[in-house]
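Accompanying notes for the structure given below.
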Amino acid sequence: MLPMEQEMSGGKPVGQKISPRLRPPGESMMPSWLLPGAAALLAAALLAVVVFLAAPPEAGAVTADDPLVGTSDITPSQMEAELDTRNPNHIVPGIAQMYTDMGYRFGIRSDLAFAQMLLETNFLRYGGAGGAEPWQNNFAGIGVTGGSRGNVFATPELGVIGHYAHLAWYAFPDHQNAYCSSAFDPRHFGNVHANTAHTLRELGGRWAVPGTTYGNDIARLANEIRRFPPSGMMLGSFNEMPSAGDGMQAGAYYFPWYDSLPQDGMGGNWILVMNKGTGDATVEIYIGNEKMHDPGNPGNDFFTIPEGGEAMPVFPGKLGGPVRVVSVSGQPLLASQRVIYRDSFNEVLGVPAGALADSYEFTWYDSMPQHGMTGNWILISNQGNQPADVGVWVGGAQVAAYTAAAGNAIPPGGTITPVFPMVLGGPVEVRSTNHQPLITSQRVLYQQSFSEVMGQPAAGLSTEYYFTWYDLIRAHGMNGDWVLVANQGSLPAAVNIFVGGRLVASYSNATGNAIPPGGIVTPQFDGLMDGPVYVHSLNGQPLLASQRVLFRNSFEEVQGRPASSIEDQWFPWYDSKRFDYMAGDWLLISNLGSSDARVRIEIGNLRLHDAANPGNDYFTVPARGRITPSFTNLMGGPVHVVSLDGQPLLASQRVLYKDGLIR
């Protein structure tokens, strides 16, 4: 994903209730399964990989001196196999997955915590004189002292949380998350952690008294777990969102769709709205024609957002579109939509009202199930005042028409969500033939992940595009990274592609590979990681460009940026908290200027310092260079990136969600 020296550091906005459950808040051609007319389906299957662990991990034996803090390479299936072998009739189904998930969120090794549970409960048989009983869901002997049967937890999951929270009290110097409290761990004393046990051995005499062999006993059980072969699916979702410049601030924003239905796989859908003006902003949010009420003030069908503040409402059980966010008091806003779908995360910026267009383009369409695609919708919403006649074309062939003559024109305020089964190709054009303003996006389900990309207005096509980063290092979980370039001009396009200032692909008449009008190329560059990416039409033909990435079992697409900017750059939110399943949140900032740039980064009211130069409250980005900072265990917003020296910047935010978690 990023240079390995970058620290990988979680996606729920503050202000949302934290549930005791698990809710937060790419010169090879593209493989055949993403291109028409190819037949290497075996290669496709290999690239559309879901990582199944089929061989024991290479790891040394666990000892009592192993640290509690860290990540585990043991799968839930291995833990469950150990438990089932010893106690096939236990009555806590799914407990191994609970330990895996919570270990990930706390940053504590799940194999060690699970082995401790096996020891403390005698493999969930319990039965010790004066000890805890099964109904207590007490998996770690918490409070079992002096004949007391210890603490009671209402559900098995809360029992697992209590176990980890108590381990955190011993292993960390301060609170790690909202579960670090006496509400979840009754023996979580005070606001300062004990911070006295960092290894299994050090639990002896503290967790267990006298506990002379306590650490060795846990290590022995942890090694027994390792004798079972691993199996399961390694998760990992990747999302990238370009920054918004000051010029994108508007009094109204649109999104094509909203879905918060759990039965659709939705685990969260937040509309983030930032007040960029002076004074309080009164904001209305509509889904379809329904004006939404403020969940914090149910009597209000509006939201009051203080100057520089944000609102991030969720509307449970809602399905429909379009979504309209309006500042009725006139303050400029910035808005995005953050979605949790199953084990994936996606964020898109809203479309400012002044940027609506009657024609949009996407680089590619793929609805082939054999490619892992389980859904591909083109969402089209009519924001005009009369019915919209709309045509949809894929690779120059018309695949749909919605007209008044046919009786299926899109009514004002209406939204359609067509799918075109077994269609593969590009580019995609959506055009209102009677010039009504539209909003369009493409929503894709790939395996168990969700991605949305907004349409590129046809009037905004450019001869130059930028992307902040390129990574096709297989060891990073990258299974594909394609730069898609479509020629939307009338002549063959001569195009160069640069990565990190190095020419990596060239298309020209002289070499016989110029991109024909309406044609598309899809190169990828195996083993390459660098940035930024620059796509340039040398003979002035307008292009359309995007980057499509396969990361583990997820898919992401981001549209190219037509130009760099010296404007201040903004992102609505930042979250690197492991507790929120966030495995990394990087700000990618490239300096496209001719001199070094001093760049200031602020998250909320916090001004960030350069870790390499702690005395500097700014970051130095060399001319034509880039930085990729990440800030550990930090959540807040908005994010403000400003060039203090007037150098043009390119910025995006890359997020890893649930990376390395095993199901």
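The values are calculated or read from the model by the stated rules, or taken from the named source; none is laboratory data. On a predicted model such as this, the values are computed, not experimentally measured, just so you know. Heads up, the Cβs are rebuilt from the backbone with ideal geometry, glycines too, and the neighbour counts pull from every protein chain shown. Heavy atoms of the whole protein, side chains included, go into the accessibility calculation; ligands, DNA and RNA do not. Shrake-Rupley method; radii C 1.70, N 1.55, O 1.52, S 1.80 Å.
Condition (residue is over 23 Å from the mean Cα position of the chain (by Cα), assigned to a strand (DSSP E or B), modelled with pLDDT under 95 and under 20 Å from ASP596 (Cβ atoms)) applied to the stretch 625-639: is it met by at least one residue?
Checked the stretch 625-639: no residue is over 23 Å from the mean Cα position of the chain (by Cα), assigned to a strand (DSSP E or B), modelled with pLDDT under 95 and under 20 Å from ASP596 (Cβ atoms).
Residues that are hydrophobic (A, V, I, L, M, F, W, C), in contact with a helix residue (DSSP H, G or I) (Cβ under 9 Å, 6 or more places away or on another chain) and closer than 27 Å to GLY455 by Cβ, at least 1 per element: which strands (runs of 3 or more DSSP E) completely within the stretch 543-622 meet that?
The qualifying strands (runs of 3 or more DSSP E) are 543-551, 569-571.
Considering only the stretch 137-191, how many residues are in contact with a helix residue (DSSP H, G or I) (Cβ under 7 Å, 6 or more places away or on another chain) and among the hydrophobic types (A, V, I, L, M, F, W, C)?
11
Contact list please: Cβ distance under 8 Å, first residue in the stretch 67-81 and at positive phi, second residue of a type outside the set (Val, Ile, Thr) and buried (at least 19 other Cβ atoms within 10 Å of the Cβ), pairs at least six apart or on different chains.
Listed by first residue and then by second, the contacts come to GLY70/GLY107; GLY70/ARG109.
Residue check: is TYR581 at positive phi, among the hydroxyl-bearing types (Ser, Thr, Tyr) and either in contact with an Asp or Glu (Cβ under 9 Å, 6 or more places away or on another chain) or surrounded by 17 or more Cβ atoms within 10 Å (Cβ to Cβ) (or both)?
yes
Which condition number does THR85 fail, the rest of (1) among the β-branched types (Val, Ile, Thr); (2) assigned to a loop (DSSP other than H, G, I, E, B); (3) surrounded by fewer than 18 Cβ atoms within 10 Å (Cβ to Cβ) being met?
THR85 satisfies all of (1) among the β-branched types (Val, Ile, Thr); (2) assigned to a loop (DSSP other than H, G, I, E, B); (3) surrounded by fewer than 18 Cβ atoms within 10 Å (Cβ to Cβ) except (2).
Checking ALA510 against (1) over 30 Å from LYS658 (Cβ atoms); (2) not in a loop (DSSP other than H, G, I, E, B), which test does it fail?
(2)
Does GLU429 satisfy being within 24 Å of LEU650 (Cα to Cα) and touching a strand residue (DSSP E or B) at 6+ places or on another chain (Cβ under 9 Å)?
no
Counting only residues that are surrounded by 21 or more Cβ atoms within 10 Å (Cβ to Cβ) and outside any loop (DSSP other than H, G, I, E, B), how many does the stretch 110-152 have?
So the count comes out to 11.
Could you please give the count of residues in the stretch 641-663 that are more than 30 Å from MET234 (Cα to Cα) and either assigned to a loop (DSSP other than H, G, I, E, B) or open to solvent by 30 Å² or more (accessible area, probe 1.4 Å) (or both)?
5
Do you know which residues across the stretch 295-311 are open to solvent by 20 Å² or more (accessible area, probe 1.4 Å) and part of a loop (DSSP other than H, G, I, E, B)?
PRO295, GLY296, PRO298, GLY299, ASN300, ASP301, PHE302, PRO306, GLU307, GLY308
Being farther than 23 Å from HIS371 by Cβ and not hydrophobic (A, V, I, L, M, F, W, C) is the filter here; which residues of the stretch 528-559 pass it?
Across the stretch 528-559, the qualifying residues are ASP530, GLY531, PRO532, TYR534, HIS536, SER537, ASN539, GLY540, GLN541, PRO542.
Quick grid of which residues meet (1) among the β-branched types (Val, Ile, Thr); (2) at pLDDT 95 or above; (3) surrounded by fewer than 22 Cβ atoms within 10 Å (Cβ to Cβ):
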site: PRO516; (1), (2), (3): no, yes, yes
site: ARG548; (1), (2), (3): no, yes, no
site: GLU556; (1), (2), (3): no, yes, no
site: GLU567; (1), (2), (3): no, no, yes
site: LEU588; (1), (2), (3): no, yes, no
site: ARG598; (1), (2), (3): no, yes, yes
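Kindly provide the set of residues from the stretch 165-204 that are in a helix (DSSP H, G or I) and out of contact with any Cys (no Cβ under 9 Å at 6 or more places or on another chain), ordered by number.
HIS166, LEU167, TYR170, ALA171, LEU200, ARG201, GLU202, LEU203
Please specify each residue of the stretch 264-284 satisfying the condition of being over 20 Å from the mean Cα position of the chain (by Cα) and open to solvent by 10 Å² or more (accessible area, probe 1.4 Å).
LYS276, GLY277, THR278, GLY279, ASP280, THR282, GLU284, listed by residue number.
Which one of the conditions (1) under 25 Å from the mean Cα position of the chain (by Cα); (2) open to solvent by 30 Å² or more (accessible area, probe 1.4 Å); (3) over 20 Å from PRO156 (Cβ atoms) does GLY107 fail to meet, given that it meets all the rest?
Only one criterion in (1) under 25 Å from the mean Cα position of the chain (by Cα); (2) open to solvent by 30 Å² or more (accessible area, probe 1.4 Å); (3) over 20 Å from PRO156 (Cβ atoms) is unmet by GLY107, namely (2).
Would you call SER148 in contact with a Phe, Trp or Tyr (Cβ under 9 Å, 6 or more places away or on another chain), over 15 Å from ALA96 (Cα atoms) and among the small types (Gly, Ala, Ser)?
In short, no.
As an exercise: evaluate TYR286 against (1) out of contact with any Lys or Arg (no Cβ under 8 Å at 6 or more places or on another chain); (2) part of a strand (DSSP E or B) and give the number of the one condition it does not meet.
For TYR286, the failing item is (1).
Every residue in the stretch 88-104 that is outside any helix (DSSP H, G or I) and open to solvent by less than 40 Å² (accessible area, probe 1.4 Å), please.
Correct list: HIS90, VAL92, GLY94.
Looking at the stretch 317-380, what strands (runs of 3 or more DSSP E) fall wholly within it and have at least 1 residues that are open to solvent by less than 10 Å² (accessible area, probe 1.4 Å) and among the basic types (Lys, Arg)?
333-341
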